[in-house]
Amino acid sequence: MPQPFILTAVLPRDLQAFAEGLRRAHYPPEKNHLHAHVTLFHAFAPSLLEELRDYLPKIAAEFAAPEGAVKGVMDLGKGTAIALEAPQLLALRQGVADHFRGSLTTQDLYEPRPHVTIQNKVTKDEARALQAALPGLLAPWIAKGRFAFPALALHRYCGGPWEEIKTCAFRGHARL
């Protein structure tokens with residue numbers, strides 16, 4: 001699919017800065033085109049842009065910021081991620097999936113495991129080394145407990161980098 005749209009959950013500023021630092025330190029620089037993010041949907045068809053532009057602000061206006069928590073390290077095989085627990089975010093994602101039923105790619109039919117990729121496309125040995133070192137760095141974030149995802153962000157895939165299309169801050173009162 002040429003230039004699909006990607007929907008992500010925005011991280012709170014402090015966690016975003018922490019994850020960005022880890023990406024700069026551990027992601028191969030020639031492949032690190034993106035900011036730290038939590039992918040909710042990998043590929044909405046370009047034909048859905050207008051509907052996405054209308055629908056996402058409605059969701060953000062209705063719901064309060066979903067909560068999440070850092071849970072630990074996630075092994076991606078040839079990469080490493082920060083594993084998150086985010087049942088409210090997954091419930092919100094399910095509502096979006098229900099709305100776009102029949103338009104989702106096979107990959108987006110399945111509920112994701114929320115995470116922030118901080119290393120990818122490295123050797124398994126490099127990934128294992130970071131995974132062994134990461135628990136100590138994550139301990140303060142795990143101890144901190146819950147945080148709120150402040151917004152949803154829609155991006156267009158541009159062959160590597162993404163173009164930001166729209167960010168919708170949560171401002172509603174409804175809880176999932």
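Classify segment 46-86 from the C-alpha gyration tensor, please: rounded if a/c falls under 1.5, else prolate or oblate depending on whether a/b exceeds b/c.
Oblate.
Tell me, what is the percent relative contact order of the chain, built from C-alpha pairs under 8 Å that lie six or more residues apart?
Taking the mean separation of contacting Cα pairs over the length of the chain, I get 37 percent.
What residue among S103, L137, H115 has its Cα farthest toward the positive end of the dipole of the chain, where the charges are +1 on Lys, Arg and -1 on Asp, Glu, each on the Cβ?
Farthest along the dipole direction, towards plus: L137.
Give me the lysines in straight-line cross-link reach of K121: C-alpha distance below 19 Å, same-chain residues under 8 apart excluded.
In chain and number order, the partners are K31, K78.
Counting only trypsin sites (Lys or Arg not before Pro) that sit in a DSSP loop (anything but H, G, I, E, B) with at most 13 other Cβ atoms within 10 Å, what is the longest stretch of the chain containing none of them?
The reported range is 1-100.
Tell me which DSSP H helices of the chain clear both cut-offs, 24 Å or more of axial length from alpha-carbon atoms and a mean Kyte-Doolittle hydropathy of at least 0.0.
124-144
Would you mind counting up the charge near A19? Only other residues with Cβ under 15 Å from its Cβ, with Lys and Arg at +1 and Asp and Glu at -1.
With Lys, Arg at +1 and Asp, Glu at -1, the neighbours total +3.
What net charge is computed for the residues neighbouring R113, neighbours being all others with C-beta under 14 Å from the C-beta of R113, Lys and Arg scored +1, Asp and Glu -1? Walk me through the numbers before you get to the answer.
Values: positive: K71, R93; negative: D75, E85, D108, E111.
Local charge sum for R113: -2.
Select from L92, L11, G77 the residue farthest towards the positive end of the dipole of segment 1-130; place +1 on Cβ of Lys and Arg, -1 on Cβ of Asp and Glu, and compute about the Cα centre.
The Cα lying farthest towards the positive end belongs to G77.
Setting aside same-chain residues fewer than 8 positions from K58, which lysines have a Cα under 24 Å from its Cα?
List returned: K166.
Only helical DSSP H runs with n ≥ 4 go in: add -39500 (n - 2.57) per run for the chain, normalise by residue count and round the 222 nm mean residue ellipticity to 500 deg cm²/dmol.
Value at 222 nm, helices only: -11500 deg cm²/dmol.
What order do you get for I6, I82 when you list them from fewest to most C-beta neighbours inside 10 Å?
Sorted ascending by nearby Cβ count, the order is I6, I82.
Grab the alpha carbons of the chain, take their convex hull, and tell me the volume per residue in Å³.
Output value, Cα hull per residue: 109 Å³.
Given Cβ point charges of +1 (Lys, Arg) and -1 (Asp, Glu) and nothing else, what value in debye, to the nearest 20, does the dipole of the chain about its Cα centre take?
300 debye
Every number here is computed from the coordinates shown, using simple stated rules; none is lab data. Computed from a prediction, not measured in an experiment: that's the story for all the values here. As a convention, Cβ positions derive from the backbone with ideal geometry for all residues, glycine included, and neighbour counts pool all protein chains shown.
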